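Worksheet for the structure shown next.
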Amino acid sequence: MSKPVGPRARPIGVFDSGVGGLTVLRALRGALPGEDFIYLGDTARLPYGTKSAGTVVRYSLQCAAALAARDIRCLVVACNTASASALAALRGAYPNLPVIGVIEPGAEAAVAASARQHIAVIATEGTIAGGAYEEAIRRRNPQIQVEARACPLFVALAEEGWTDGPIAAAIAKRYLEPLFGDQGDDAGGAAARPIGTPDTLVLGCTHFPTLKAAIQAVLPPSVIVVDSAATIAAAVFRQLGPLRPQSTPGQIRWLATDGAARFARVGSIFLGEALDPAAVEIVDL
């Protein structure tokens, strides 16, 4: 079957500060398997989570410009920090291009999931400091209680591939115990669970889905985990819908700003399949 021509052939652009956004791309491919994508990882300047808001805006606009120059039909901001700091600037710079960030879909899913109106958010320092999730959640329901916690070591664990085992378990326990209590060895953790703990947890960083099993192991079993990668994929599907025959796999073009070999090695963990370093094009922003 020949590929469609014209606007229907334009790819979806996705960018992140590095490889964490590949969890978003993985979810997007699951939702829209026939679409073409261009993924840009700004690996020369990661992480965004420790940068000032002004710097994140500048970097995000440069990433967007590189993708827009390649004739994308939608821009997916697969980075929570960039979504928190730069979404308005990106939409202002590209008014005719759909720009979709991870925070709004994640907040919407969390509000819908929380029966007790008590939500916890874990993310990078930059995302937590900006308060974007709290704002997005309370905009939908001002009565909801939101607790937020920065978990920077989760990023390092994910990039090292240490997504399970005793180290991941110990760090998950240290981060989440103040929010959910010590579940200990109790069946289901009911006896050790403090009254009034959150019933919903938002994974507010695209690195964190790779640690989902370690995170869930220290949570009460009733806690609903909202994966920001899955929620943005659903939002893109709702907005764009499939434009290509979904029985024919789409293609992916890989861009990075530094380190093709590392991008491929670490990115394979997030994507769930091997990446070829030779397929990664290094671009200068």
From the list A129, A156, which one is more than 16 Å from the chain's Cα centre (by Cα) and closer than 22 Å to G21 by Cβ? A129
Segment 233-275: number of residues that are of a type in the set (S, T, N, Q) and in contact with an Asp or Glu (Cβ under 8 Å, 6 or more places away or on another chain): 2
Wholly within segment 63-152, which helices (runs of 4 or more DSSP H) include no fewer than the required count, namely at least 3 residues that are surrounded by fewer than 15 Cβ atoms within 10 Å (Cβ to Cβ) and either assigned by TED's automatic domain parsing to the domain that holds V24 or without any contact (Cβ under 8 Å) to a residue 60 or more places away in the chain (or both)? 132-140
Can you give me the number of residues within segment 39-53 that are farther than 11 Å from T127 by Cα and either modelled with pLDDT under 90 or part of a strand (DSSP E or B) (or both)? 5
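Per-residue answers, yes or no, for (1) modelled with pLDDT of 90 or more; (2) touching a Ser or Thr at 6+ places or on another chain (Cβ under 7 Å); (3) closer than 25 Å to A84 by Cα:
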residue: P221; (1), (2), (3): yes, no, no
residue: S228; (1), (2), (3): no, yes, yes
residue: R244; (1), (2), (3): no, no, no
residue: G250; (1), (2), (3): yes, no, no
residue: R253; (1), (2), (3): yes, no, no
residue: A256; (1), (2), (3): yes, yes, yes
residue: A261; (1), (2), (3): yes, no, no
residue: L271; (1), (2), (3): yes, no, yes
residue: E281; (1), (2), (3): yes, no, no
Consider Y59 against the criteria (1) on the phi < 0 side of the Ramachandran plot; (2) surrounded by fewer than 20 Cβ atoms within 10 Å (Cβ to Cβ); (3) at pLDDT 95 or above: it satisfies all of them except one. Which criterion is unmet? (2)
In segment 168-218, which residues are surrounded by 20 or more Cβ atoms within 10 Å (Cβ to Cβ), under 18 Å from Q145 (Cα atoms) and modelled with pLDDT of 95 or more? L176, P198, T200, L201, V202, L203
Residues of segment 228-262 being touching a helix residue (DSSP H, G or I) at 6+ places or on another chain (Cβ under 7 Å) and without any contact (Cβ under 8 Å) to a residue 40 or more places away in the chain, in sequence order, are A260, A261
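The values are calculated or read from the model by the stated rules, or taken from the named source; none is laboratory data. None of the values given here were measured: they were computed from a predicted structure. Positions of Cβ are generated from backbone atoms using ideal geometry, with glycine treated the same way; all protein chains shown enter the neighbour counts.
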